[in-house]
Amino acid sequence: MSNADAWGLPGVLSFFDAARSTVDQVYPSEWFFLRDRLRRGMNVLDVGCAQGGFAAILGEHLDHFHYTGIDINAEMIAKARQRHPGHEFHVVAEDTEWQCLGGRQFDLVMVLGILHLHEGWRDTIARAWGHTGSCLMLDLREHQGQTLEDKTMSSFSMCFGADDDLYEQTRLPYVIVNSAEALAEVRRNTPGAGRVSHYGYLHPVSAAARTPVAEVMTNVWCVER
Ligand SMILES: C[S@@+](CC[C@H](N)C(=O)[O-])C[C@H]1O[C@@H](n2cnc3c(N)ncnc32)[C@H](O)[C@@H]1O
């Protein structure tokens with residue numbers, strides 16, 4: 001099953017009906033950077049937007065902003081359009097340029113909750129930076145050992161509350177990046193960045209992960225032009 005189809009399993013879709021759409025569902029490491037970057041009238045790109053929950057989160061703090069969400073799963077985007085009719089949503093392919101955006105630049109680009117769950121994470125950072133006018137926020141799972149990105153070594157099941165076999169057997173890579181390599185990859189894929197900051201904490205790996213690592217640094221990176 002493709003990554004896009006895995007995200008469209010009914011139990012996964014319904015999980016995101018309720019998840020991550022209010023400020024109290026934003027992680028402290030995300031809010032640490034986000035809270036100071038909210039400006040009336042700003043334009044935001046959310047890569048891997050699911051059902052557009054961040055449109056509601058931003059709306060708790062801003063009365064006027066432009067939000068564009070892109071996602072590889074068409075059903076997530078259909079639900080996002082229904083839930084947030086005032087905002088813009090597009091389905092994108094995982095491994096190609098985001099042509100729907102043309103050459104547009106955004107004040108804030110968010111890539112949250114996806115880079116540790118797909119093979120092409122380095123290219124996704126580079127593509128997101130290409131649309132960053134001011135600030136790119138992204139998160140990675142890190143540790144001090146070797147980078148793990150082979151699905152046979154480190155994987156994530158799509159359980160999300162459903163416990164039947166199909167969900168357990170549908171697996172994405174669970175990418176855990178060596179911390180020094182994380183810095184190198186962030187720098188390499190954001191050429192010309194003026195300032196790179198990160199903030200995170202040690203956390204047990206996700207209960208849905210099958211990986212030899214017990215604890216990861218969940219790091220949010222903020223890259224500014
Ligand atoms: C865990 S959810 C994250 C949702 C949201 N960004 C958040 O932080 O709550 C993952 C979403 O990202 C989408 N996704 C996964 N890989 C992607 C990729 N390479 N490009 C765009 N969207 C992706 C999935 O379809 C799914 O809707």
Taking the residues in the range 17-31 that are within 9 Å of the ligand (Cβ to nearest atom) and in a helix (DSSP H, G or I) as candidates, determine which candidate is nearest to residue 136 (Cα to Cα).
-> 30
Take the residues in the range 142-178 that are among the hydrophobic types (A, V, I, L, M, F, W, C) and outside any strand (DSSP E or B), then tell me which one is surrounded by the fewest Cβ atoms within 10 Å (Cβ to Cβ).
-> 166
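Here are some residues: 207, 193. Which one is closer than 17 Å to residue 136 by Cα and part of a loop (DSSP other than H, G, I, E, B)?
Numbers: 207 fails: closer than 17 Å to residue 136 by Cα.
Result: 193 is the single residue among 207, 193 that is closer than 17 Å to residue 136 by Cα and part of a loop (DSSP other than H, G, I, E, B).
How many residues does the range 32-59 hold that are of a type in the set (Asp, Glu), at pLDDT 95 or above and more than 9 Å from the ligand (Cβ to nearest atom)? Let's see the steps before the verdict.
Within the range 32-59, the subset of a type in the set (Asp, Glu) is 36, 46.
From what is left, the residues that are at pLDDT 95 or above are 46.
Checking which are more than 9 Å from the ligand (Cβ to nearest atom) leaves us with none.
Qualifying residue count for the region: 0.
Yes/no matrix, rows are residues, columns are (1) in a strand (DSSP E or B); (2) of a type in the set (Asp, Glu); (3) at positive phi:
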position: 57; (1), (2), (3): no, no, no
position: 82; (1), (2), (3): no, no, no
position: 97; (1), (2), (3): no, yes, no
position: 103; (1), (2), (3): no, no, no
position: 108; (1), (2), (3): yes, no, no
position: 125; (1), (2), (3): no, no, no
position: 128; (1), (2), (3): no, no, no
position: 136; (1), (2), (3): yes, no, no
If residue 65 passes every condition in (1) surrounded by 17 or more Cβ atoms within 10 Å (Cβ to Cβ); (2) of a type in the set (A, V, I, L, M, F, W, C); (3) free of Cβ contacts under 8 Å to residues at least 24 places away in the same chain; (4) more than 10 Å from the ligand (Cβ to nearest atom) but one, which one does it miss?
-> (3)
Checklist (1) modelled with pLDDT of 95 or more; (2) surrounded by fewer than 22 Cβ atoms within 10 Å (Cβ to Cβ); (3) within 13 Å of the ligand (Cβ to nearest atom); (4) of a type in the set (A, V, I, L, M) applied to residue 80, failing item = (2)
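The values are calculated or read from the model by the stated rules, or taken from the named source; none is laboratory data. The structure presented is a predicted model; accordingly, all values stated were derived computationally and were not measured. Glycine also receives a Cβ, built like all others from the backbone with ideal geometry; neighbour counts cover every protein chain displayed.
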